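First up is the structure itself, then whatever we jot down about it.
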Amino acid sequence: MIEVQRDDLDTQALTQMERVEQLNKRLADFDTVLTERSRLRDAAKAESAERHRDTAERLSELERERAAAAAGVPAEAMALFDEVADLHEGEALSEVQVISARHREYACSACSTEIPFGVYTRLLGEGGAVVQCTSCRRILHLPAETEATAAKKR
Ligand SMILES: [Zn+2]
């Protein structure tokens, strides 16, 4: 009888020990997961800080470039640029779209409003002429190739 009870106790003790072992193993696994998560979080934090730094650097670089570019533009034109940019979420410029050069048909590429031939020739002629679209008020400019050709003739 006593022998049987001892066996029982041994078995119970063994079972308990096995459970403790299992719990320890689960704890160890949990620690591993936790360590890995912490590592990932720290890495993400570092990357985010670095990106923030890069963005801040790029922004100040762009601000310097903008200031340098703006320095060559007359104050009046700059004020107009800022005013129109505010109207169109920063898009102050619009390229003149050639609908038909033969029929002298041109349009504002941003809002599709027709641009009179006279306005087009003003852009072709005077260097630095600031001409706005009569509808959306964006500052008009010629397509790059047209501008290059016109610049040679001036
Ligand atoms: Zn327009």
(message) Which residue is farthest from LEU80 (Cα to Cα), if the candidates are limited to segment 116-133 and must be out of contact with any Asp or Glu (no Cβ under 9 Å at 6 or more places or on another chain) and within 15 Å of the ligand (Cβ to nearest atom)?
(response) PRO116
(request) For segment 115-154, enumerate the residues that are touching a residue at least 24 places away in the same chain (Cβ under 8 Å) and closer than 20 Å to SER100 by Cβ. (result) ILE115, TYR120, LEU123, LEU124, CYS133, SER135, LEU140, HIS141, LEU142, PRO143, THR146, ALA150
(request) Select from segment 134-143 the residues that are near the ligand (Cβ under 10 Å from one of its atoms) and touching an Asp or Glu at 6+ places or on another chain (Cβ under 8 Å) and write down the one among them that is farthest from HIS88 (Cα to Cα). (result) LEU140
(message) Take the conditions over 22 Å from LYS153 (Cβ atoms) and within 16 Å of the ligand (Cβ to nearest atom) and apply them to GLY72. Does it pass?
(response) no
(message) Can you find, within segment 90-112, the residue that is farthest from the chain's Cα centre (by Cα) among those that are among the polar types (S, T, N, Q) and surrounded by fewer than 17 Cβ atoms within 10 Å (Cβ to Cβ)?
(response) SER100
(message) Tally up the residues in segment 84-114 that are within 15 Å of the ligand (Cβ to nearest atom) and either out of contact with any Asp or Glu (no Cβ under 9 Å at 6 or more places or on another chain) or at positive phi (or both), please.
(response) 12
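We did not get these values from a lab; they are worked out from the coordinates using the rules stated. This one's a predicted model, so the numbers in the text were calculated from it and none came from an experiment. Here the Cβ is made from the backbone with ideal geometry for all residues, glycine too, and neighbour counts use every protein chain on show.
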